Amino acid sequence: MKQIRLSDTVISVPMPIFLVIEDVGWWQGIDGSLRNEPYRNRFARRHCLADYQALTRLAKRLSMRIALGMVMGEWDRTNFLKDVAGATWMGKAWDNKVNQGPWLEETAQYLRDHNHFLEIALHGICHEYWQDGQMQRSEFHDQDGRMRPRPVIQRHLEAFATLLEQNGWHGFPRLFIPPALNHSFGNKDNSIQAVLHSFGIKFVTTRFDRANQYSAPAHQNLTWEGEVGLLERGSSPVSWDRAASPPVWPGTNPILPLHWGNLLHREPQRNNEIVDSWADMLLAKSAGLDCILAEDLASCWRQAAVFYLADLQRNQRGMTIDIRTIPDLSIFSGPFFVKTHERQSKSWNCSGAEIISSKRGTDHINILKILPNKEKEVVNIFPA
Ligand SMILES: [Zn+2]
């Protein structure tokens, strides 16, 4: 816990909570893994526009631009993936006609219009890799965390960009979520982070204990390689193939990793029942001093950097937050949040930073948004 107690006040640097939803983008629900096709969501029906509308509803309720770990293979409008080695189970015979219909443009338009609620993140083309026609886990690394050859990865990332373009989405994602948690880091210029960064990726979340670590992470839950920040994903609180899951609070980690089917109902018109129960739980659990719902992924990474790396001390009047321990990277610079609990409403002041907003939460909680000065120094927060 990152809190200090004054006589009638508690000041806290809360842990961010950010929702990352994996395996979004399939049209087919069927888990094809027994027949050389990808592990999809093992969901009892095809996916549809309502499955995205439910995510927007959840994002609005949480005031969070949630991240969608997209698999884009079934969005291929021209079957160009037949020329991308290892991308699909059909190889040169790839034909996506079963997924080519008016729902593509309808949903692409929807996602363009709701881009401020739903951020497209990179998960993969078809999640796995097909070597000589045989499925292997997974697309960018094998199960021992050995990176696939660099040109293969580059070709797959270019193909992902083409799939986005085909569907009218501009720019490359900022976040990568390695499929099946097969990943590696710590080998600097030879790392996949270097390749990902050349495409625009700035953020990665995965399970560190499942990754091939060429060198140890800077902190057990947060590290960086070049300009890319890697945040521990933790275990998902719900099995990947559990549809319509009741809400579960893990509460131990900034990232809340769910799979698309967890939030969906077999009857699409009932999706809202599922996402509303998750929203109710997350809003209730994050209302106290310990946690805060992150506005978006950049805000989550910044808050996590302060939460994990800054040194907190009680001083005579309030709290000292030494942020000089946070590396000078653009992904970690910008505002972060502090929560206070005070019986009598106070106004707050600080040095080394500026309080850019102050918001009342429930139950005597006050939420301060703090922007450190450019020349990074110690931040002091104290009652005015
Ligand atoms: Zn996945």
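Before moving on, here are some points about what is shown:
- Unique match (being assigned to a helix (DSSP H, G or I) and in the same structural domain as SER138 (by TED's automatic domain parsing)) among ASN272, ASN253: ASN272
- Considering residues of segment 62-106 that are small (Gly, Ala, Ser) and touching a strand residue (DSSP E or B) at 6+ places or on another chain (Cβ under 6 Å) only, the residue farthest from the ligand (Cβ to nearest atom): GLY86
- Given (1) within 24 Å of the chain's Cα centre (by Cα); (2) crowded, with 20+ Cβ neighbours inside 10 Å; (3) not β-branched (Val, Ile, Thr), index of the condition ARG112 fails: (2)
- For the criterion of being assigned by TED's automatic domain parsing to the domain that holds THR206 and either within 15 Å of the ligand (Cβ to nearest atom) or within 18 Å of ASN41 (Cα to Cα) (or both), HIS114 fails.
- When GLU119 is tested against the conditions (1) part of a strand (DSSP E or B); (2) within 16 Å of the ligand (Cβ to nearest atom), the lone failure is (2).
- Taken across segment 214-232, residues that are within 16 Å of the ligand (Cβ to nearest atom) and under 16 Å from the mean Cα position of the chain (by Cα) do not occur at all.
- Selected residue (criterion: surrounded by the fewest Cβ atoms within 10 Å (Cβ to Cβ)) from residues of segment 126-139 that are touching a residue at least 24 places away in the same chain (Cβ under 8 Å) and away from the ligand (no atom under 12 Å from the Cβ): GLN134
- Members of segment 140-158 found to be aliphatic (A, V, I, L, M) and buried (at least 20 other Cβ atoms within 10 Å of the Cβ), listed by number: LEU157
The values are calculated or read from the model by the stated rules, or taken from the named source; none is laboratory data. These numbers were taken from a predicted model, which means no experiment stands behind them. Here the Cβ is made from the backbone with ideal geometry for all residues, glycine too, and neighbour counts use every protein chain on show.
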